[in-house]
Amino acid sequence: MDMEKKMSERKFHITALALLSGFFILCYILPLGLRDMMRPDEFRYGEIPREMIASGNWTTPLLVGARYFEKPALGYQWSALSMKCFGENAFAVRLPSALAVGITMLMIYQLCVGNNRNRWLAPLASMIYLSFAMVLGVGGFAVLDSQLTMALSWCIGAYFLACQAQKTTSAVFYLLLAGLAAGAAFLFKGFLAFAVPVAVIVPFLIWQKDWKKFFTTPWLPLVMAVALALPWSIAIWKEEPDFWNYFFIEEHVKRFTSGTYDRDPEPFWFFVPILLGGMLPGGLLLLTAWRGVKKSFLSDELVRFCLCWSVMPFLLFSASSCKTGTYILPCFPPLAILIAGALLAAMDNAQEKTEKFLKISCSVWAWLLIVLSTLSVVFLGVWRVKLVETLPIFDPLDPLPLIAAAVAAVCGSALLLHSKRNILLQLALALAAFGLITFWSAPAVLSDSTNPDKMPEKTLRKLCQTAEIMPGDAVVVDRAAAAAVAWVLHRTDLIVLGRIGEFNYAFTKYPDEYKGRYYPANKLTELLEDTGARRVFYIICRDTKKAAYPSDWPIKRSFSEQGVTVAEFEK
(Lines give C-alpha, C1' and ligand atoms only; values in the text may rest on other atoms or scores of the structure.)
Protein backbone atom coordinates (compact mmCIF):
# COMPACT_ATOMS: atom_id res chain seq x y z
CA MET A 1 0.00 0.00 0.00
CA ASP A 2 2.84 2.38 0.84
CA MET A 3 4.35 1.77 -2.59
CA GLU A 4 0.96 2.31 -4.27
CA LYS A 5 0.45 5.50 -2.29
CA LYS A 6 3.86 6.83 -3.30
CA MET A 7 3.15 6.01 -6.94
CA SER A 8 -0.20 7.75 -6.70
CA GLU A 9 1.39 10.84 -5.13
CA ARG A 10 4.13 10.87 -7.73
CA LYS A 11 1.59 10.62 -10.57
CA PHE A 12 -0.46 13.43 -9.01
CA HIS A 13 2.51 15.80 -8.78
CA ILE A 14 3.76 14.96 -12.28
CA THR A 15 0.29 15.73 -13.64
CA ALA A 16 0.04 18.91 -11.58
CA LEU A 17 3.45 20.16 -12.73
CA ALA A 18 2.61 19.35 -16.34
CA LEU A 19 -0.64 21.34 -16.14
CA LEU A 20 1.08 24.25 -14.37
CA SER A 21 3.83 24.24 -16.99
CA GLY A 22 1.24 24.26 -19.77
CA PHE A 23 -0.57 27.18 -18.17
CA PHE A 24 2.71 29.02 -17.65
CA ILE A 25 3.70 28.64 -21.31
CA LEU A 26 0.24 29.61 -22.56
CA CYS A 27 -0.17 32.55 -20.20
CA TYR A 28 3.34 33.90 -19.68
CA ILE A 29 5.48 32.88 -22.68
CA LEU A 30 3.34 32.86 -25.83
CA PRO A 31 1.86 36.40 -25.52
CA LEU A 32 5.23 38.10 -24.78
CA GLY A 33 5.82 39.39 -28.30
CA LEU A 34 2.28 40.56 -29.01
CA ARG A 35 2.79 44.00 -27.43
CA ASP A 36 5.22 46.65 -28.54
CA MET A 37 7.85 47.68 -26.02
CA MET A 38 6.88 50.36 -23.52
CA ARG A 39 9.06 53.29 -22.56
CA PRO A 40 11.05 54.08 -20.60
CA ASP A 41 11.85 50.83 -18.77
CA GLU A 42 11.51 48.25 -21.53
CA PHE A 43 13.58 50.22 -24.02
CA ARG A 44 16.24 50.75 -21.35
CA TYR A 45 16.39 47.05 -20.49
CA GLY A 46 16.49 46.21 -24.19
CA GLU A 47 19.01 48.84 -25.28
CA ILE A 48 21.66 48.07 -22.64
CA PRO A 49 21.85 44.35 -23.65
CA ARG A 50 21.78 45.37 -27.32
CA GLU A 51 24.82 47.57 -26.74
CA MET A 52 26.52 44.71 -24.87
CA ILE A 53 26.11 42.51 -27.94
CA ALA A 54 27.15 45.25 -30.38
CA SER A 55 30.25 46.31 -28.43
CA GLY A 56 31.29 42.89 -27.16
CA ASN A 57 31.68 44.39 -23.67
CA TRP A 58 29.54 42.30 -21.31
CA THR A 59 31.09 43.76 -18.17
CA THR A 60 30.17 47.47 -18.12
CA PRO A 61 26.48 48.43 -18.59
CA LEU A 62 26.15 51.28 -21.11
CA LEU A 63 22.97 53.14 -22.07
CA VAL A 64 23.19 55.10 -25.32
CA GLY A 65 26.95 54.76 -25.02
CA ALA A 66 27.06 56.33 -21.54
CA ARG A 67 27.98 54.58 -18.29
CA TYR A 68 24.87 53.27 -16.53
CA PHE A 69 25.72 52.07 -13.05
CA GLU A 70 22.28 51.69 -11.43
CA LYS A 71 22.48 47.87 -11.46
CA PRO A 72 25.07 45.09 -11.85
CA ALA A 73 25.37 43.30 -15.16
CA LEU A 74 23.69 39.87 -14.76
CA GLY A 75 20.17 41.05 -15.62
CA TYR A 76 21.42 42.72 -18.79
CA GLN A 77 23.59 39.71 -19.65
CA TRP A 78 20.59 37.38 -19.33
CA SER A 79 18.59 39.62 -21.68
CA ALA A 80 21.54 39.77 -24.09
CA LEU A 81 21.64 35.96 -24.22
CA SER A 82 17.90 35.92 -24.91
CA MET A 83 18.38 38.44 -27.73
CA LYS A 84 21.22 36.38 -29.17
CA CYS A 85 18.81 33.43 -29.35
CA PHE A 86 15.58 35.15 -30.43
CA GLY A 87 16.66 38.43 -32.00
CA GLU A 88 16.27 42.07 -31.01
CA ASN A 89 12.55 42.15 -30.30
CA ALA A 90 10.02 42.53 -27.50
CA PHE A 91 9.73 38.76 -26.95
CA ALA A 92 13.45 38.35 -26.31
CA VAL A 93 13.64 41.39 -24.03
CA ARG A 94 10.73 40.20 -21.87
CA LEU A 95 11.55 36.48 -21.83
CA PRO A 96 13.95 36.61 -18.82
CA SER A 97 11.24 38.19 -16.64
CA ALA A 98 8.70 35.55 -17.62
CA LEU A 99 11.13 32.65 -17.14
CA ALA A 100 12.00 34.00 -13.70
CA VAL A 101 8.33 33.67 -12.67
CA GLY A 102 8.28 30.02 -13.72
CA ILE A 103 11.52 29.24 -11.88
CA THR A 104 10.14 30.93 -8.74
CA MET A 105 7.02 28.80 -9.02
CA LEU A 106 9.18 25.65 -8.98
CA MET A 107 10.67 26.66 -5.61
CA ILE A 108 7.18 27.29 -4.22
CA TYR A 109 6.16 23.82 -5.37
CA GLN A 110 9.25 22.20 -3.84
CA LEU A 111 8.73 23.92 -0.49
CA CYS A 112 5.11 22.78 -0.32
CA VAL A 113 5.73 19.20 -1.44
CA GLY A 114 8.34 18.61 1.24
CA ASN A 115 6.50 20.19 4.15
CA ASN A 116 2.82 19.31 4.05
CA ARG A 117 0.72 16.18 4.04
CA ASN A 118 -1.99 17.67 1.83
CA ARG A 119 -0.93 17.07 -1.75
CA TRP A 120 -3.06 19.97 -3.00
CA LEU A 121 -0.92 22.58 -1.22
CA ALA A 122 1.85 22.62 -3.83
CA PRO A 123 -0.29 23.01 -6.99
CA LEU A 124 -2.74 25.39 -5.31
CA ALA A 125 0.00 27.67 -3.94
CA SER A 126 1.76 27.64 -7.31
CA MET A 127 -1.45 28.52 -9.15
CA ILE A 128 -2.25 31.31 -6.72
CA TYR A 129 1.23 32.74 -7.23
CA LEU A 130 1.01 32.61 -11.03
CA SER A 131 -2.37 34.38 -10.92
CA PHE A 132 -1.38 37.26 -8.61
CA ALA A 133 -1.95 40.55 -10.46
CA MET A 134 1.49 41.84 -9.44
CA VAL A 135 3.23 38.69 -10.65
CA LEU A 136 1.28 38.68 -13.92
CA GLY A 137 2.06 42.33 -14.57
CA VAL A 138 5.78 42.26 -13.79
CA GLY A 139 6.29 38.83 -15.37
CA GLY A 140 5.32 40.16 -18.78
CA PHE A 141 7.34 43.34 -18.49
CA ALA A 142 11.05 43.90 -19.07
CA VAL A 143 12.32 44.89 -15.62
CA LEU A 144 14.62 43.08 -13.18
CA ASP A 145 12.21 42.60 -10.28
CA SER A 146 11.09 39.14 -11.40
CA GLN A 147 14.70 38.01 -11.69
CA LEU A 148 15.51 39.37 -8.23
CA THR A 149 12.43 37.66 -6.78
CA MET A 150 13.48 34.39 -8.40
CA ALA A 151 17.00 34.56 -6.96
CA LEU A 152 15.82 35.60 -3.48
CA SER A 153 13.15 32.88 -3.44
CA TRP A 154 15.68 30.20 -4.27
CA CYS A 155 18.12 31.57 -1.72
CA ILE A 156 15.56 31.78 1.10
CA GLY A 157 13.71 28.60 0.11
CA ALA A 158 16.87 26.53 -0.26
CA TYR A 159 18.05 27.65 3.18
CA PHE A 160 14.76 26.47 4.70
CA LEU A 161 15.08 23.12 2.91
CA ALA A 162 18.62 22.82 4.27
CA CYS A 163 17.32 23.33 7.81
CA GLN A 164 14.68 20.65 7.21
CA ALA A 165 17.03 18.13 5.57
CA GLN A 166 17.53 14.82 7.34
CA LYS A 167 20.81 13.97 5.62
CA THR A 168 24.02 15.98 5.82
CA THR A 169 24.59 15.69 2.08
CA SER A 170 21.15 17.13 1.37
CA ALA A 171 21.73 19.99 3.82
CA VAL A 172 25.08 20.82 2.20
CA PHE A 173 23.50 20.73 -1.27
CA TYR A 174 20.73 23.15 -0.29
CA LEU A 175 23.14 25.49 1.48
CA LEU A 176 25.32 25.63 -1.62
CA LEU A 177 22.21 26.24 -3.71
CA ALA A 178 21.18 29.06 -1.37
CA GLY A 179 24.59 30.65 -1.81
CA LEU A 180 24.44 30.31 -5.58
CA ALA A 181 21.05 32.04 -5.59
CA ALA A 182 22.32 34.78 -3.26
CA GLY A 183 25.22 35.44 -5.58
CA ALA A 184 22.84 35.68 -8.53
CA ALA A 185 20.57 38.06 -6.58
CA PHE A 186 23.61 40.25 -5.87
CA LEU A 187 24.50 40.34 -9.55
CA PHE A 188 20.90 41.26 -10.39
CA LYS A 189 20.37 44.14 -7.95
CA GLY A 190 23.13 44.38 -5.39
CA PHE A 191 23.20 44.18 -1.61
CA LEU A 192 19.50 43.31 -1.20
CA ALA A 193 20.75 39.79 -1.90
CA PHE A 194 22.06 39.71 1.67
CA ALA A 195 19.72 42.13 3.47
CA VAL A 196 16.47 40.34 2.57
CA PRO A 197 17.54 36.76 3.46
CA VAL A 198 18.99 37.96 6.79
CA ALA A 199 15.76 39.86 7.53
CA VAL A 200 13.82 36.63 6.97
CA ILE A 201 16.07 33.96 8.45
CA VAL A 202 17.10 35.62 11.73
CA PRO A 203 13.52 36.23 13.01
CA PHE A 204 12.52 32.72 11.93
CA LEU A 205 15.38 31.05 13.80
CA ILE A 206 14.62 33.13 16.90
CA TRP A 207 10.93 32.19 16.66
CA GLN A 208 11.95 28.53 16.38
CA LYS A 209 14.40 28.98 19.28
CA ASP A 210 17.06 27.65 16.96
CA TRP A 211 19.09 30.84 16.58
CA LYS A 212 22.38 28.94 16.85
CA LYS A 213 21.96 27.84 13.23
CA PHE A 214 22.55 31.41 12.16
CA PHE A 215 26.13 31.05 13.34
CA THR A 216 26.70 27.58 11.86
CA THR A 217 24.80 27.51 8.54
CA PRO A 218 25.57 30.81 6.70
CA TRP A 219 29.21 30.07 5.86
CA LEU A 220 28.72 27.70 2.93
CA PRO A 221 26.13 29.99 1.28
CA LEU A 222 28.38 33.00 1.86
CA VAL A 223 31.39 31.31 0.28
CA MET A 224 29.29 30.20 -2.70
CA ALA A 225 27.77 33.67 -3.13
CA VAL A 226 31.15 35.36 -3.04
CA ALA A 227 32.62 32.81 -5.45
CA LEU A 228 29.85 33.54 -7.97
CA ALA A 229 29.83 37.34 -7.57
CA LEU A 230 33.58 37.94 -7.26
CA PRO A 231 34.73 37.52 -10.91
CA TRP A 232 32.40 40.19 -12.30
CA SER A 233 32.87 42.39 -9.20
CA ILE A 234 36.63 42.45 -9.75
CA ALA A 235 36.25 42.88 -13.52
CA ILE A 236 34.00 45.95 -13.16
CA TRP A 237 36.30 47.40 -10.49
CA LYS A 238 39.29 47.10 -12.83
CA GLU A 239 37.36 48.50 -15.79
CA GLU A 240 35.41 51.18 -13.89
CA PRO A 241 36.99 51.92 -10.47
CA ASP A 242 34.20 54.31 -9.49
CA PHE A 243 31.39 51.77 -10.00
CA TRP A 244 31.21 50.45 -6.47
CA ASN A 245 31.36 53.90 -4.88
CA TYR A 246 28.44 55.13 -6.99
CA PHE A 247 26.48 51.89 -6.76
CA PHE A 248 26.71 51.62 -2.97
CA ILE A 249 26.21 55.31 -2.08
CA GLU A 250 23.63 56.37 -4.69
CA GLU A 251 21.74 53.13 -5.28
CA HIS A 252 21.69 51.83 -1.71
CA VAL A 253 22.45 54.39 1.00
CA LYS A 254 20.68 57.35 -0.60
CA ARG A 255 17.74 55.31 -1.86
CA PHE A 256 17.18 53.95 1.65
CA THR A 257 17.74 57.15 3.63
CA SER A 258 16.67 59.97 1.29
CA GLY A 259 15.55 60.86 -2.21
CA THR A 260 17.64 60.49 -5.36
CA TYR A 261 17.84 62.53 -8.54
CA ASP A 262 14.79 60.78 -10.01
CA ARG A 263 12.71 59.76 -6.98
CA ASP A 264 11.27 61.60 -4.00
CA PRO A 265 10.70 59.91 -0.59
CA GLU A 266 7.38 58.07 -0.17
CA PRO A 267 5.37 57.49 3.05
CA PHE A 268 5.79 54.32 5.10
CA TRP A 269 2.33 53.00 4.11
CA PHE A 270 3.06 53.37 0.36
CA PHE A 271 3.12 49.60 -0.30
CA VAL A 272 -0.11 48.70 1.56
CA PRO A 273 -2.59 49.40 -1.29
CA ILE A 274 -0.11 47.96 -3.81
CA LEU A 275 0.09 44.73 -1.80
CA LEU A 276 -3.70 44.42 -1.54
CA GLY A 277 -4.24 45.09 -5.22
CA GLY A 278 -1.29 42.96 -6.29
CA MET A 279 -2.70 39.90 -4.47
CA LEU A 280 -5.87 39.80 -6.59
CA PRO A 281 -7.58 37.59 -7.57
CA GLY A 282 -5.98 34.90 -5.38
CA GLY A 283 -6.07 37.23 -2.38
CA LEU A 284 -9.88 37.00 -2.42
CA LEU A 285 -9.51 33.47 -1.07
CA LEU A 286 -8.58 35.08 2.25
CA LEU A 287 -12.31 35.77 2.70
CA THR A 288 -12.69 32.12 3.65
CA ALA A 289 -9.07 31.08 4.29
CA TRP A 290 -8.99 33.03 7.56
CA ARG A 291 -11.07 30.21 9.08
CA GLY A 292 -7.99 28.01 8.89
CA VAL A 293 -5.70 30.34 10.85
CA LYS A 294 -5.70 28.42 14.11
CA LYS A 295 -3.01 27.70 16.68
CA SER A 296 -2.14 24.43 14.96
CA PHE A 297 -1.72 26.25 11.65
CA LEU A 298 0.68 28.79 13.14
CA SER A 299 2.76 26.06 14.76
CA ASP A 300 3.78 24.65 11.37
CA GLU A 301 7.41 25.51 10.55
CA LEU A 302 6.71 26.34 6.90
CA VAL A 303 3.91 28.70 7.96
CA ARG A 304 6.19 30.47 10.41
CA PHE A 305 8.91 30.70 7.83
CA CYS A 306 6.52 32.16 5.23
CA LEU A 307 5.19 34.68 7.73
CA CYS A 308 8.73 35.92 8.34
CA TRP A 309 9.39 35.80 4.61
CA SER A 310 6.37 37.96 3.75
CA VAL A 311 6.32 40.40 6.69
CA MET A 312 9.98 41.24 7.27
CA PRO A 313 10.92 42.18 3.67
CA PHE A 314 7.70 44.21 3.46
CA LEU A 315 8.76 46.19 6.54
CA LEU A 316 12.30 46.51 5.18
CA PHE A 317 11.11 47.92 1.86
CA SER A 318 8.59 50.16 3.62
CA ALA A 319 11.37 51.65 5.77
CA SER A 320 13.22 52.73 2.63
CA SER A 321 12.66 56.34 1.54
CA CYS A 322 12.62 55.67 -2.21
CA LYS A 323 9.88 53.26 -3.24
CA THR A 324 8.58 51.72 -6.45
CA GLY A 325 5.57 49.41 -6.48
CA THR A 326 7.49 46.41 -7.82
CA TYR A 327 9.95 46.43 -4.89
CA ILE A 328 7.64 44.21 -2.78
CA LEU A 329 7.42 41.45 -5.41
CA PRO A 330 9.67 39.14 -3.28
CA CYS A 331 6.87 39.08 -0.66
CA PHE A 332 4.43 37.31 -2.98
CA PRO A 333 5.83 33.73 -3.09
CA PRO A 334 5.33 33.20 0.67
CA LEU A 335 1.92 34.90 0.52
CA ALA A 336 0.78 32.32 -2.04
CA ILE A 337 1.87 29.49 0.27
CA LEU A 338 0.15 31.07 3.29
CA ILE A 339 -3.14 31.61 1.43
CA ALA A 340 -3.17 28.07 0.05
CA GLY A 341 -2.23 26.55 3.41
CA ALA A 342 -4.86 28.55 5.31
CA LEU A 343 -7.53 27.61 2.76
CA LEU A 344 -6.77 23.90 3.07
CA ALA A 345 -6.77 24.19 6.85
CA ALA A 346 -10.14 25.94 6.67
CA MET A 347 -11.51 23.08 4.60
CA ASP A 348 -10.32 20.63 7.25
CA ASN A 349 -11.78 22.67 10.12
CA ALA A 350 -15.15 23.54 8.59
CA GLN A 351 -15.34 21.56 5.39
CA GLU A 352 -19.03 21.99 4.55
CA LYS A 353 -19.15 25.76 5.17
CA THR A 354 -15.87 26.37 3.37
CA GLU A 355 -16.75 24.25 0.35
CA LYS A 356 -20.16 25.92 0.10
CA PHE A 357 -18.55 29.36 0.14
CA LEU A 358 -15.96 28.32 -2.46
CA LYS A 359 -18.59 26.83 -4.77
CA ILE A 360 -20.57 30.06 -4.63
CA SER A 361 -17.36 32.01 -5.27
CA CYS A 362 -16.53 29.87 -8.32
CA SER A 363 -20.01 30.39 -9.75
CA VAL A 364 -19.78 34.15 -9.20
CA TRP A 365 -16.33 34.24 -10.81
CA ALA A 366 -17.62 32.22 -13.78
CA TRP A 367 -20.46 34.64 -14.47
CA LEU A 368 -18.14 37.60 -13.97
CA LEU A 369 -15.80 36.12 -16.57
CA ILE A 370 -18.67 35.77 -19.04
CA VAL A 371 -19.99 39.31 -18.45
CA LEU A 372 -16.58 40.99 -18.44
CA SER A 373 -15.37 39.13 -21.53
CA THR A 374 -18.56 40.02 -23.42
CA LEU A 375 -18.39 43.69 -22.44
CA SER A 376 -14.68 43.92 -23.24
CA VAL A 377 -15.13 42.36 -26.68
CA VAL A 378 -18.00 44.73 -27.53
CA PHE A 379 -16.38 47.86 -26.10
CA LEU A 380 -12.89 47.29 -27.44
CA GLY A 381 -14.25 46.02 -30.74
CA VAL A 382 -16.20 49.25 -31.32
CA TRP A 383 -13.26 51.31 -30.08
CA ARG A 384 -10.89 49.61 -32.48
CA VAL A 385 -13.21 50.06 -35.46
CA LYS A 386 -12.95 53.79 -34.82
CA LEU A 387 -9.17 53.51 -34.51
CA VAL A 388 -8.96 51.76 -37.88
CA GLU A 389 -10.73 54.72 -39.45
CA THR A 390 -8.56 57.39 -37.82
CA LEU A 391 -5.09 55.86 -37.43
CA PRO A 392 -3.24 54.88 -40.61
CA ILE A 393 -0.68 52.68 -38.84
CA PHE A 394 -3.28 50.58 -37.06
CA ASP A 395 -2.43 46.90 -37.27
CA PRO A 396 -5.52 44.83 -38.22
CA LEU A 397 -4.06 41.83 -36.37
CA ASP A 398 -4.27 43.61 -33.00
CA PRO A 399 -7.76 42.25 -32.11
CA LEU A 400 -6.51 38.64 -32.22
CA PRO A 401 -5.19 38.66 -28.62
CA LEU A 402 -8.57 39.98 -27.49
CA ILE A 403 -10.33 37.14 -29.28
CA ALA A 404 -8.01 34.65 -27.57
CA ALA A 405 -8.82 36.24 -24.20
CA ALA A 406 -12.55 36.00 -24.90
CA VAL A 407 -12.22 32.33 -25.83
CA ALA A 408 -10.29 31.69 -22.60
CA ALA A 409 -12.99 33.47 -20.61
CA VAL A 410 -15.84 31.51 -22.20
CA CYS A 411 -14.07 28.14 -21.88
CA GLY A 412 -13.01 28.84 -18.30
CA SER A 413 -16.51 29.92 -17.35
CA ALA A 414 -18.09 26.85 -18.91
CA LEU A 415 -15.72 24.57 -17.03
CA LEU A 416 -16.44 26.36 -13.76
CA LEU A 417 -20.20 26.26 -14.17
CA HIS A 418 -20.40 22.62 -15.21
CA SER A 419 -17.52 21.03 -13.33
CA LYS A 420 -18.66 18.53 -10.70
CA ARG A 421 -15.16 17.60 -9.62
CA ASN A 422 -12.96 18.70 -6.73
CA ILE A 423 -13.62 22.24 -5.52
CA LEU A 424 -9.86 22.85 -5.46
CA LEU A 425 -9.70 21.99 -9.14
CA GLN A 426 -12.47 24.52 -9.75
CA LEU A 427 -10.43 27.15 -7.90
CA ALA A 428 -7.39 26.39 -10.03
CA LEU A 429 -9.51 26.71 -13.18
CA ALA A 430 -10.87 30.05 -12.02
CA LEU A 431 -7.41 31.44 -11.33
CA ALA A 432 -6.13 30.09 -14.65
CA ALA A 433 -8.99 31.73 -16.54
CA PHE A 434 -8.29 35.11 -14.91
CA GLY A 435 -4.60 34.79 -15.74
CA LEU A 436 -5.24 33.90 -19.37
CA ILE A 437 -7.71 36.75 -19.82
CA THR A 438 -5.31 39.24 -18.24
CA PHE A 439 -2.30 38.29 -20.32
CA TRP A 440 -4.09 37.77 -23.63
CA SER A 441 -6.23 40.90 -23.40
CA ALA A 442 -3.25 43.10 -22.46
CA PRO A 443 -2.06 43.43 -26.09
CA ALA A 444 -5.56 44.58 -27.07
CA VAL A 445 -5.61 47.28 -24.40
CA LEU A 446 -1.91 48.21 -24.35
CA SER A 447 -0.85 48.80 -27.94
CA ASP A 448 0.78 51.49 -30.02
CA SER A 449 -2.72 52.48 -31.17
CA THR A 450 -4.16 53.00 -27.71
CA ASN A 451 -0.97 54.15 -25.93
CA PRO A 452 1.10 55.85 -28.65
CA ASP A 453 3.23 58.01 -26.34
CA LYS A 454 4.26 55.01 -24.23
CA MET A 455 4.68 52.51 -27.09
CA PRO A 456 6.28 54.58 -29.85
CA GLU A 457 8.45 52.04 -31.68
CA LYS A 458 6.39 51.67 -34.87
CA THR A 459 5.81 55.40 -35.16
CA LEU A 460 9.47 56.16 -34.51
CA ARG A 461 10.56 53.81 -37.29
CA LYS A 462 8.04 55.29 -39.70
CA LEU A 463 8.88 58.94 -39.00
CA CYS A 464 12.65 58.34 -39.03
CA GLN A 465 12.27 56.78 -42.48
CA THR A 466 10.03 59.63 -43.62
CA ALA A 467 12.60 62.19 -42.43
CA GLU A 468 15.34 60.13 -44.12
CA ILE A 469 17.70 60.25 -41.14
CA MET A 470 21.14 59.06 -42.24
CA PRO A 471 24.08 57.72 -40.16
CA GLY A 472 26.00 60.96 -40.60
CA ASP A 473 23.18 63.16 -39.29
CA ALA A 474 23.20 64.40 -35.70
CA VAL A 475 20.24 63.23 -33.62
CA VAL A 476 19.12 65.25 -30.59
CA VAL A 477 16.67 63.70 -28.14
CA ASP A 478 14.76 64.40 -24.97
CA ARG A 479 16.16 62.18 -22.21
CA ALA A 480 12.83 60.30 -21.90
CA ALA A 481 13.03 59.28 -25.57
CA ALA A 482 16.77 58.49 -25.64
CA ALA A 483 16.59 54.71 -25.05
CA ALA A 484 13.71 54.25 -27.50
CA VAL A 485 15.45 56.23 -30.25
CA ALA A 486 18.74 54.38 -29.65
CA TRP A 487 16.88 51.05 -29.89
CA VAL A 488 15.21 52.02 -33.18
CA LEU A 489 18.20 53.69 -34.86
CA HIS A 490 20.92 51.44 -33.34
CA ARG A 491 22.88 54.56 -32.44
CA THR A 492 24.80 55.41 -29.28
CA ASP A 493 25.92 58.93 -30.25
CA LEU A 494 22.63 60.70 -29.45
CA ILE A 495 22.75 64.21 -27.99
CA VAL A 496 20.53 64.80 -24.94
CA LEU A 497 18.86 68.21 -24.76
CA GLY A 498 16.99 69.49 -21.68
CA ARG A 499 16.75 67.52 -18.45
CA ILE A 500 19.65 65.17 -17.83
CA GLY A 501 17.73 62.42 -15.97
CA GLU A 502 19.34 59.00 -15.79
CA PHE A 503 22.42 60.27 -17.63
CA ASN A 504 23.25 62.49 -14.66
CA TYR A 505 26.12 60.34 -13.36
CA ALA A 506 27.89 59.74 -16.69
CA PHE A 507 27.60 63.25 -18.09
CA THR A 508 28.54 65.08 -14.87
CA LYS A 509 31.21 62.66 -13.63
CA TYR A 510 32.99 62.43 -17.00
CA PRO A 511 32.32 65.82 -18.69
CA ASP A 512 35.39 65.65 -20.94
CA GLU A 513 34.66 62.14 -22.19
CA TYR A 514 31.02 62.95 -22.95
CA LYS A 515 31.61 66.48 -24.19
CA GLY A 516 28.97 67.40 -26.75
CA ARG A 517 26.55 64.69 -25.57
CA TYR A 518 24.44 66.91 -23.29
CA TYR A 519 23.15 70.49 -23.49
CA PRO A 520 20.65 72.31 -21.23
CA ALA A 521 17.49 73.49 -22.99
CA ASN A 522 18.76 77.09 -23.15
CA LYS A 523 21.94 76.02 -24.98
CA LEU A 524 20.33 75.01 -28.28
CA THR A 525 22.21 77.64 -30.26
CA GLU A 526 25.50 76.40 -28.83
CA LEU A 527 24.54 72.82 -29.69
CA LEU A 528 23.84 73.72 -33.34
CA GLU A 529 27.14 75.59 -33.56
CA ASP A 530 29.18 72.76 -31.99
CA THR A 531 27.91 69.90 -34.11
CA GLY A 532 29.68 69.38 -37.40
CA ALA A 533 26.84 67.38 -38.95
CA ARG A 534 25.19 68.75 -42.08
CA ARG A 535 21.72 67.96 -40.73
CA VAL A 536 20.49 67.96 -37.14
CA PHE A 537 17.25 66.24 -36.10
CA TYR A 538 15.28 66.50 -32.86
CA ILE A 539 13.19 63.52 -31.73
CA ILE A 540 10.77 63.57 -28.82
CA CYS A 541 7.91 61.29 -27.75
CA ARG A 542 5.39 64.09 -27.82
CA ASP A 543 3.36 65.46 -30.73
CA THR A 544 3.02 69.07 -31.84
CA LYS A 545 -0.41 69.36 -30.22
CA LYS A 546 1.36 69.10 -26.85
CA ALA A 547 4.10 71.60 -27.75
CA ALA A 548 6.83 69.17 -28.71
CA TYR A 549 9.28 72.07 -28.95
CA PRO A 550 9.22 75.85 -28.36
CA SER A 551 7.72 77.94 -31.16
CA ASP A 552 10.88 80.06 -31.50
CA TRP A 553 13.17 77.13 -32.32
CA PRO A 554 14.73 77.25 -35.81
CA ILE A 555 12.79 74.30 -37.26
CA LYS A 556 13.09 73.65 -40.99
CA ARG A 557 10.48 70.88 -41.17
CA SER A 558 8.78 68.50 -38.77
CA PHE A 559 6.80 65.28 -38.81
CA SER A 560 4.39 64.45 -35.99
CA GLU A 561 2.19 61.41 -35.50
CA GLN A 562 0.75 59.43 -32.60
CA GLY A 563 2.69 61.09 -29.82
CA VAL A 564 6.04 61.24 -31.66
CA THR A 565 7.69 64.23 -33.33
CA VAL A 566 10.75 64.26 -35.58
CA ALA A 567 11.96 67.77 -36.51
CA GLU A 568 14.91 69.00 -38.57
CA PHE A 569 16.73 72.10 -37.39
CA GLU A 570 17.60 74.94 -39.71
CA LYS A 571 21.39 75.26 -39.98
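Could you compute the FRET efficiency for V226 and S55, with r as their C-beta to C-beta distance and R0 at 25 Å, rounded to 0.05?
0.35
What spacing in nm lies between the two simple spin-label points modelled at K509 and V202, each 7 Å away from Cα in the Cβ direction?
It is 2.9 nm.
Could you pull out the pairs from K458/K571; K509/K556; K515/K571; K509/K546; K84/K254; K323/K515 whose alpha carbons sit more than 25 Å apart here?
On the way: K458/K571 28 Å; K509/K556 35 Å; K515/K571 21 Å; K509/K546 33 Å; K84/K254 35 Å; K323/K515 33 Å.
In this structure, K458/K571; K509/K556; K509/K546; K84/K254; K323/K515 exceed 25 Å between Cα atoms.
So for D41, D36, what's the accessible-area order with a 1.4 Å probe, most first? All intermediate terms of the calculation are to be shown ahead of the outcome.
On the way: D41 50, D36 30 Å².
Putting D41, D36 in descending order of accessible area: D41, D36.
At a probe size of 1.4 Å, how large is the accessible area of E570, to the nearest 10 Å²?
100 Å²
Give me the distance in nm between label points sitting 7 Å out from Cα along the Cα-to-Cβ direction at T216 and F268, one decimal.
Here the answer is 3.7 nm between the modelled labels.
Where the only charges are on Cβ atoms (+1 Lys, Arg; -1 Asp, Glu), what is the dipole of region 508-569 about its Cα centre, to the nearest 20 debye?
Dipole of region 508-569, to the nearest 20 debye: 160 debye.
What full-extension length gain, to one decimal in nm, is calculated for E301 and K523 as 0.36 nm per residue of separation minus the Cα-Cα distance?
My answer for the length gained is 73.6 nm.
In nm, give the distance between the simple-model label positions of K238 and D552, each being 7 Å from the Cα along the Cα-to-Cβ direction.
Those two pseudo-labels are separated by 5.4 nm.
Can you work out the FRET efficiency for the pair T466 and L30, with r the C-beta to C-beta distance and R0 = 25 Å, to the nearest 0.05?
After rounding to 0.05, the efficiency reads 0.15.
Using Cα-only point scatterers and the Debye equation, what is log10 of I(q)/I(0) for region 1-150 at each q in 0.20 Å⁻¹, rounded to two decimals?
Log10 I(q)/I(0), no solvent term: -1.13.
The values are calculated or read from the model by the stated rules, or taken from the named source; none is laboratory data. No experiment lies behind these values; they were computed from the predicted model shown. Backbone-built Cβ (ideal geometry, glycine too); neighbour counts: all protein chains shown. Note: accessible area is taken over every heavy atom of the protein model, side chains too, but ligands, DNA and RNA are not part of it. Shrake-Rupley method; radii C 1.70, N 1.55, O 1.52, S 1.80 Å.
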